[in-house]
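Okay, structure first, notes after.
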Amino acid sequence: MSVIADRLAAQPTLTTDRLTLVQLGPDHLDETMAALGDHDAMRLTGTRGTFTREQVRAHLDRLPGAEDRADFAIADADGTYLGEVVLNELEEDDLAVNYRIALAGPSLRGHGYGTEAGRAVVDWAFDEVGLHRISLEVYAFNPVARRSYEKIGFVVEGRARDALRWGGAWIDAVRMAMLDSDPRPR
């Protein structure tokens, strides 16, 4: 196992002023299933299809100790599940990962939870894991998420035109990334 894989596999608990980020796993099955029922979140992330409880359980069972990803459950001070933030698609030779986040319901959006959780994960990925690049795609019909990513420090690198067909319309995907040497706004 490499140093990067070791560090991802030993994923710690992260804390911020309002949040605790813990290893996403089998204990979060009910919350994950409920979040998958949020049709607006599915649209905003371009997620199609349905997932059975068994499929989700099998996915969550694989996460603890994974050497190629880090999946965090986001919880507030009371321990209430707010969503997940994920680093996946590790390209170890390039010290690069993909970033994604999903909050568990429309009532949780607009309170800064995603930005706060994202900052904590990005800081950990660069400062502790030793990654060089974190990238993402955000669909053009999700400007709120794009603004959150910009607050974290992601910059626009380009646009994939007509990357998603949703509801009969073509939607562009905005490509964003952050390097370990980029400023981290606060």
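The values are calculated or read from the model by the stated rules, or taken from the named source; none is laboratory data. Because the structure is predicted, anything quoted here is derived from the model rather than measured. Methodologically, a virtual Cβ is constructed for each residue, glycine included, from the backbone with ideal geometry; neighbour enumeration extends over all protein chains shown. Accessible surface areas use protein heavy atoms only, side chains included; no ligands, DNA or RNA. Shrake-Rupley method; radii C 1.70, N 1.55, O 1.52, S 1.80 Å.
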Worksheet item: Residue by residue, what Karplus-based ³J(HN,Hα) values in Hz, rounded to whole numbers, does region 51-65 have, using 6.51, -1.76 and 1.60 with θ = phi - 60° and x for Gly and Pro?
Response: 10, 7, 4, 5, 5, 5, 4, 4, 5, 5, 4, 7, 6, x, x
Discussion item. Could you work out [θ]222 nm for the chain from helices alone, using -39500 (n - 2.57) per DSSP H run of at least four and dividing by all its residues? Round to the nearest 500 deg cm²/dmol.
Written reply: -8000 deg cm²/dmol
Worksheet item: Can you work out ³J(HN,Hα) from phi for every residue in region 10-27, in order, using Karplus 6.51 cos²θ - 1.76 cosθ + 1.60 and θ = phi - 60°, giving whole Hz and x for Gly and Pro?
Response: 9, 3, x, 7, 10, 10, 10, 4, 10, 10, 10, 10, 10, 4, 6, x, x, 5
Discussion item. Using a 1.4 angstrom probe on the protein heavy atoms only, could you order Leu87, Leu108 from most to least accessible area?
Written reply: Leu108, Leu87
Practice prompt. Can you work out the accessible area per residue across region 43-186, with the rest of the protein chains kept in place, probe 1.4 Å, in square angstrom?
Written response: 51
Discussion item. Based on alpha-carbon centroids, what's the gap between region 99-117 and region 140-186 in Å, whole number please?
Written reply: 15
Discussion item. Per residue of region 173-182, what does 6.51 cos²θ - 1.76 cosθ + 1.60 with θ = phi - 60° give for ³J(HN,Hα)? Whole Hz please, x for Gly and Pro, Karplus curve as stated.
Written reply: 10, 8, 8, 10, 7, 9, 9, 4, 8, 6
Practice prompt. Quick one: grab the alpha carbon gyration tensor of region 20-60, order the square roots of its eigenvalues as a ≥ b ≥ c, and give me rounded if a/c is under 1.5, else prolate or oblate depending on whether a/b is larger than b/c.
Written response: oblate
Item to complete: Counting other Cβ atoms within 10 Å, keep those with at most 16, restrict to DSSP loop, and tell me which trypsin sites (Lys or Arg not before Pro) in region 132-173 are left.
Response: none
Worksheet entry | Pair Asp93, Arg165: separation of 7 Å Cα→Cβ label points (nm) | 3.4
Response to the item:
Under the rule rounded for a/c under 1.5, else prolate if a/b exceeds b/c, else oblate, using alpha carbon gyration tensor axes a ≥ b ≥ c, the chain is classed as rounded
